[in-house]
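Chemist: The structure is given below, and queries will be raised subsequently.
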Amino acid sequence: MNERELLVDCLRRLNRTGVVYYLTGSMASNYWGIPRSTHDLDFVLQLPVTAVPRIIEAFRGDFYIDEAAVRAGQAPPYQFNAVDTRSALKVDFWLVRPEPFDQEMLRRRLAVTLFSEPSWVASAEDVIVHKLIWNRLSPSDRQLGDAAGVVAVQADALDKKYLRQWAQDLAVSGELERLLSGEIKPKNT
């Protein structure tokens, strides 16, 4: 099973659960920007405790998923994962946190079709800001390169007022301006 097949498989499983979700991370930046190889998937879930059994059931069998870890994901750091036993690829699930930016990302998620599957993906602007936040937490050329790839591909379609508002609120304005000016370039160029 490759990354694309895993993505399609996860989308089908998530869609069957009825749990509110969106794709984020490198696969979302691949969707909006310049694709690169990645070895995991990242989804954000709005997962009430009552929906935990649906997630466990949806991923049981072909994935190693620990129910205790899923339940523990209801508290910081609001995360759990599942490992595809067919490929050893990892799927990270992040739960929507109460912070304003997390709530806004959920509100702005977009319905798209990925490889013939209906799905939800973080907006291009939110992917950029999120990549900048992750870069601040754990500096990485990969995070900046992903964000620069989205800026390069989406260019004039980006809502720069929205980007600047959240970049200021989240203390990543300097990095955003370097992206928008072209000082930070996509890794593939």
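The values are calculated or read from the model by the stated rules, or taken from the named source; none is laboratory data. Everything numeric here is computed off the predicted structure, so don't read it as measured data. Counting neighbours? That spans all protein chains shown, and the Cβs are built from the backbone with ideal geometry, glycine included. Ligands, DNA and RNA are excluded from the accessible area calculation, which covers all protein heavy atoms including side chains. Shrake-Rupley method; radii C 1.70, N 1.55, O 1.52, S 1.80 Å.
Chemist: What do you reckon, is Ile184 at negative phi, without any contact (Cβ under 8 Å) to a residue 60 or more places away in the chain and outside any helix (DSSP H, G or I)?
Modeler: yes
Chemist: Any residue at all in the range 27-34 that's open to solvent by less than 10 Å² (accessible area, probe 1.4 Å) and in a helix (DSSP H, G or I)?
Modeler: The answer is yes, given that some residue of the range 27-34 is open to solvent by less than 10 Å² (accessible area, probe 1.4 Å) and in a helix (DSSP H, G or I).
Chemist: Examine the range 159-177 for a residue that is under 30 Å from Arg12 (Cβ atoms), aliphatic (A, V, I, L, M), modelled with pLDDT of 95 or more and within 18 Å of the chain's Cα centre (by Cα), and state whether such a residue exists.
Modeler: no
Chemist: Does Val8 qualify as being in a strand (DSSP E or B) and either over 18 Å from the mean Cα position of the chain (by Cα) or not acidic (Asp, Glu) (or both)?
Modeler: For Val8, the condition - in a strand (DSSP E or B) and either over 18 Å from the mean Cα position of the chain (by Cα) or not acidic (Asp, Glu) (or both) - is not met.
Chemist: For the range 169-180, check the following and say yes or no: at least one residue is outside any helix (DSSP H, G or I), open to solvent by less than 30 Å² (accessible area, probe 1.4 Å) and among the β-branched types (Val, Ile, Thr).
Modeler: Among the residues of the range 169-180, at least one is outside any helix (DSSP H, G or I), open to solvent by less than 30 Å² (accessible area, probe 1.4 Å) and among the β-branched types (Val, Ile, Thr), which makes the answer yes.
Chemist: If you don't mind, another one. Give Ala152, Ala167, Ala82, Ala122 a once-over and let me know the one that is in contact with a Pro (Cβ under 8 Å, 6 or more places away or on another chain) and not acidic (Asp, Glu).
Modeler: Ala152
Chemist: Quick one: Met1 ticks every box in (1) open to solvent by 10 Å² or more (accessible area, probe 1.4 Å); (2) farther than 29 Å from Gln154 by Cβ; (3) assigned to a helix (DSSP H, G or I); (4) not acidic (Asp, Glu) except a single one, so which number is it?
Modeler: (3)
Chemist: Let me ask you something else. Restricting attention to the range 16-26, and to residues there that are assigned to a helix (DSSP H, G or I) and over 16 Å from the mean Cα position of the chain (by Cα), which single residue is surrounded by the most Cβ atoms within 10 Å (Cβ to Cβ)?
Modeler: The qualifying residue surrounded by the most Cβ atoms within 10 Å (Cβ to Cβ) is Thr17.
Chemist: I need a count of the residues in the range 127-144 that are free of Cβ contacts under 8 Å to residues at least 24 places away in the same chain and either open to solvent by 50 Å² or more (accessible area, probe 1.4 Å) or of a type in the set (Ser, Thr, Tyr) (or both).
Modeler: Residues in the range 127-144 being free of Cβ contacts under 8 Å to residues at least 24 places away in the same chain and either open to solvent by 50 Å² or more (accessible area, probe 1.4 Å) or of a type in the set (Ser, Thr, Tyr) (or both): 5 in total.
Chemist: Out of Ala82, Ala124, Ala152, Ala147, I need the residue that is touching a Phe, Trp or Tyr at 6+ places or on another chain (Cβ under 6 Å), small (Gly, Ala, Ser) and in contact (Cβ under 8 Å) with a residue 60 or more places away in the chain. Which one?
Modeler: That would be Ala124, the only listed residue that is touching a Phe, Trp or Tyr at 6+ places or on another chain (Cβ under 6 Å), small (Gly, Ala, Ser) and in contact (Cβ under 8 Å) with a residue 60 or more places away in the chain.
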